[in-house]
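Enquirer: Before we start, here is the structure in question, set down as structure tokens.
The values are calculated or read from the model by the stated rules, or taken from the named source; none is laboratory data. For clarity, every value in this text was computed on a predicted model and none was experimentally measured. Cβ placement follows ideal geometry from the backbone for every residue including glycine, while neighbour counts extend to all protein chains displayed.
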Amino acid sequence: MPEYILRVKNLTKYFEIKMGLFQSLLRKELPKVHAVDGISFEIEKGEMFGLVGESGCGKTTTGRLILRLVEPTSGEIYFKEQNLLKLDYNEMRKMRKHMQIIFQDPYESLNPRMSIFDIITEPCRIQGLFSSWKDLEDKACKILEAVGLTPPEDFLYRFPHEVSGGQRQRVAIARAFITDPDFIVADEPVSMLDASIRSEVTRLIKNLVEERGTSFLYITHDLALARYLCKHIAVMYLGKIVEKGLTEDVIFKPAHPYTSALLAAVPVPDPTARRTKVVISGEVPSPINPPPGCRFHTRCPYVKDLCRKEEPQLREIEKEHWVACHFPLL
Amino acid sequence: MEPLLDVENLTIHYWTLRGYVHAVDDISFSINKGDALGFAGESGCGKTTAMLGILRLLPHNATMKGKILFEGKDLLQIPMDVFRKEIRWRKIATVFQGAMNSLHPTIKIGEQIAEAIMLHEDVSKEEAWKRAERLLDLVGVKAERADRYPHELSGGLKQRTMIAMSLACNPTLVIADEPTTALDVIVEAQVLKVMKEIQEKLGLTLIFVTHDLSLIAETCNKVAIMYAGKIVEMGEVVTVYKEPLHPYTQKLLAAFPSILGRKTELVAIPGFPPDLLYPPPGCRFHPRCDYAMEICRKEEPKGFFDGKRFIACHLYSKGG
């Protein structure tokens with residue numbers, strides 16, 4: 001039995017839509033955005049877990065729910081076998097010493113009025129993880145060196161606007177790693193960066209995670225990147241996990257029609273690659289009124305009557321390979 | 001055969017308070033009728049500036065030198081009002097980056113397309129509407145949707161509308177500037193498919209600007225790789241992708257993880273793109289290049305054509 005650092009069970013988040021007075025008097029119930037709708041997964045200790053999906057599928061919300069930056073509607077989150085949703089505000093705050101997050105956009109996630117030193121040591125100051133100012137400075141230098149911002153003295157008292165996009169994201173990575181957390185959520189950390197910078201930052205993350213044995217939830221829309229980094233991946237569609245398993249299994253033997261469509265759509269930098277391109281039609285339906293039955297049935301090329309009526313549950317079709325489809329492709 | 005578009009020594013500088021930004025520096029390329037040329041490079045390498053230069057849509061602080069020959073005429077010599085009436089949109093049209101922000105939010109999409117037609121051609125409103133509907137149909141937006149407003153459409157449909165609009169006056173050359181950046185993979189694949197089909201159906205010539213090399217592999221037959229305002233390598237897509245010669249092209253191609261084939265290590269390019277206010281002397285890539293030699297720091301490599309492709313690198317110019 002592998003040891004899990006994080007277990008998520010039936011996690012659900014509905015965002016209520018605000019309405020005017022008149023509308024809300026007429027309606028019995030406010031409409032809700034079904035952002036995350038009963039998802040479950042487990043992350044092993046020290047592994048990188050990929051959460052893949054298109055925009056609006058709920059992957060970012062999931063990341064934020066785990067750290068309780070957004071309060072879930074229902075469900076359970078076990079971090080080291082402790083239910084995070086039972087903790088009060090102060091206990092949760094202490095817990096965040098062990099859980100950190102790297103946000104998507106380094107232009108928005110760093111406070112422009114704080115120096116890099118202030119930014120990266122803020123978690124230590126909040127958590128009280130330092131003995132003296134000197135200690136804080138040493139810590140900051142060490143972590144800056146680890147993320148490749150050398151010499152660290154050059155960067156300590158600069159401001160975010162004085163460094164490039166790639167360096168900003170390194171600062172955000174340094175901030176996440178400075179408390180030496182056991183678990184990090186990374187929400188598309190390289191999607192805003194240029195191609196040549198992207199590969200370097202990706203490699204940096206991979207090396208840091210492997211060196212420190214941190215467990216990692218990597219949220220991305222880029223399947224090729226998820227394949228490069230992650231041991232397990234889960235594919236989300238409209239707030240549900242449709243397929244999860246070992247990365248190689250999911251990518252080379254996709255069982256859900258959505259996964260296979262997603263894979264077929266990934267562009268390949270090889271002009272001679274002749275692939276059978278099955279491009280599915282239509283776009284993701286609204287999460288306010290998700291379709292009944294299987295949520296993918298409106299776009300699925302293999303749709304049958306059952307799919308329109310009954311919602312498929314995740315089931316294990318081979319070892320460690322789960323799929324939520326009535327008629328899996330395997 | 002005479003090329004459709006022949007750009008010679010195009011140089012575009014932006015004047016700023018800190019000095020001149022050398023956004024595009026002495027680039028030359030040509031494109032034949034019916035070809036699809038992909039322009040690839042990182043952000044800030046000058047690819048969008050070069051395209052805006054061809055359309056003469058640059059801001060006032062830009063200066064442009066060189067020749068842009070389109071069907072034998074130099075576009076830079078044509079007076080602006082003639083250019084606007086005769087060339088832009090009738091001959092050369094564009095699909096802008098970020099369709100979400102390029103459409104007017106309070107005008108129906110059919111009307112926006114009809115407006116472009118009526119501005120350039122002497123047709124009645126009814127006829128322009130009919131043509132707008134036909135164009136929408138061509139790119140896979142149902143003709144009934146012509147009287148919808150942009151906010152009623154999804155991102156993919158808006159992008160298709162932009163493509164339909166670029167086709168409004170039957171142009172010969174369409175410049176697509178990152179037409180799929182804000183879209184999801186599946187929608188992106190749908191839009192690319194539409195673009196490819198239309199290109200074949202109407203015999204369009206296409207310039208496709210993107211930072212994603214894989215999109216060029218899927219849509220174009222020729223590719224030009226830009227770095228810091230220069231074209232470093234240019235040729236048939238198959239030649240360049242199978243055997244990249246310039247160190248930058250090699251690194252760029254290896255920087256993308258692949259979904260197919262074996263799992264390989266990602267190659268990182270050290271450093272970051274140069275500041276175009278003060279581009280490095282000699283070859284602009286030398287501070288990040290593994291093979292940088294003495295000459296690279298001093299002398300700018302003169303690009304040459306080796307029979308199959310254009311390449312600007314000292315590694316190859318000295319018979320190496």
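Enquirer: Considering only residues that are under 17 Å from B:Asp290 (Cβ atoms), part of a loop (DSSP other than H, G, I, E, B) and at the interface with chain A (Cβ under 7 Å from one of its Cβ atoms), which ones fall in region B:252-266?
Expert: B:Ala255, B:Leu266
Enquirer: Given (1) of a type outside the set (A, V, I, L, M, F, W, C); (2) away from every other protein chain (no Cβ under 13 Å); (3) outside any helix (DSSP H, G or I), identify the lone condition not met by A:Asp249.
Expert: Checking A:Asp249 against (1) of a type outside the set (A, V, I, L, M, F, W, C); (2) away from every other protein chain (no Cβ under 13 Å); (3) outside any helix (DSSP H, G or I), the one that fails is (3).
Enquirer: Ok, one more. With within 12 Å of chain B (Cβ to nearest Cβ), touching a Gly at 6+ places or on another chain (Cβ under 7 Å) and over 22 Å from A:Leu65 (Cα atoms) as the only criterion, which of A:Leu223, A:Leu229, A:Leu262 stands out?
Expert: So the residue among A:Leu223, A:Leu229, A:Leu262 that is within 12 Å of chain B (Cβ to nearest Cβ), touching a Gly at 6+ places or on another chain (Cβ under 7 Å) and over 22 Å from A:Leu65 (Cα atoms) is A:Leu229.
Enquirer: Considering region B:204-234 alone, what residues qualify as being β-branched (Val, Ile, Thr) and more than 12 Å from every other protein chain (Cβ to nearest Cβ)?
Expert: Once the filter is applied, which keeps residues that are β-branched (Val, Ile, Thr) and more than 12 Å from every other protein chain (Cβ to nearest Cβ), region B:204-234 yields B:Thr205, B:Ile207, B:Val209, B:Ile231, B:Val232.
Enquirer: Hey, does region B:186-203 have a residue that's more than 9 Å from chain A (Cβ to nearest Cβ), at pLDDT 90 or above and part of a strand (DSSP E or B)?
Expert: No, there is no match, as no residue in region B:186-203 is more than 9 Å from chain A (Cβ to nearest Cβ), at pLDDT 90 or above and part of a strand (DSSP E or B).
Enquirer: So which of B:Leu75, B:Leu37 is in contact (Cβ under 8 Å) with a residue 60 or more places away in the chain, more than 24 Å from B:Pro279 (Cβ to Cβ) and out of contact with any helix residue (DSSP H, G or I) (no Cβ under 6 Å at 6 or more places or on another chain)?
Expert: Criteria check complete, one pass: B:Leu37.
Enquirer: Collect the residues in region B:275-292 that are within 11 Å of another protein chain (Cβ to nearest Cβ) and either out of contact with any Cys (no Cβ under 9 Å at 6 or more places or on another chain) or outside any loop (DSSP other than H, G, I, E, B) (or both), keeping them in residue-number order.
Expert: B:Asp275, B:Arg288
Enquirer: Another one. How many of the residues in region B:46-87 are within 26 Å of B:Arg18 (Cα to Cα), loosely packed, with under 13 Cβ neighbours inside 10 Å and hydrophobic (A, V, I, L, M, F, W, C)?
Expert: 1
Enquirer: Give the residues of region A:146-178 that are touching a Cys at 6+ places or on another chain (Cβ under 9 Å), surrounded by fewer than 20 Cβ atoms within 10 Å (Cβ to Cβ) and either in contact (Cβ under 8 Å) with a residue 40 or more places away in the chain or closer than 30 Å to A:Tyr78 by Cβ (or both), sorted by residue number.
Expert: Selection gives A:Leu156 alone.
Enquirer: Further question on the same structure: Within the group B:Ile269, B:Ile295, B:Ile311, which residue is within 8 Å of another protein chain (Cβ to nearest Cβ), β-branched (Val, Ile, Thr) and either more than 25 Å from the chain's Cα centre (by Cα) or closer than 20 Å to B:Gly41 by Cβ (or both)?
Expert: When all the criteria are applied, what remains is B:Ile269.
Enquirer: Pull up region B:293-313, narrow it to residues that are in contact (Cβ under 8 Å) with a residue 40 or more places away in the chain and outside any loop (DSSP other than H, G, I, E, B), then point me to the one that is surrounded by the most Cβ atoms within 10 Å (Cβ to Cβ).
Expert: Per the stated criteria, the residue is B:Ile311.
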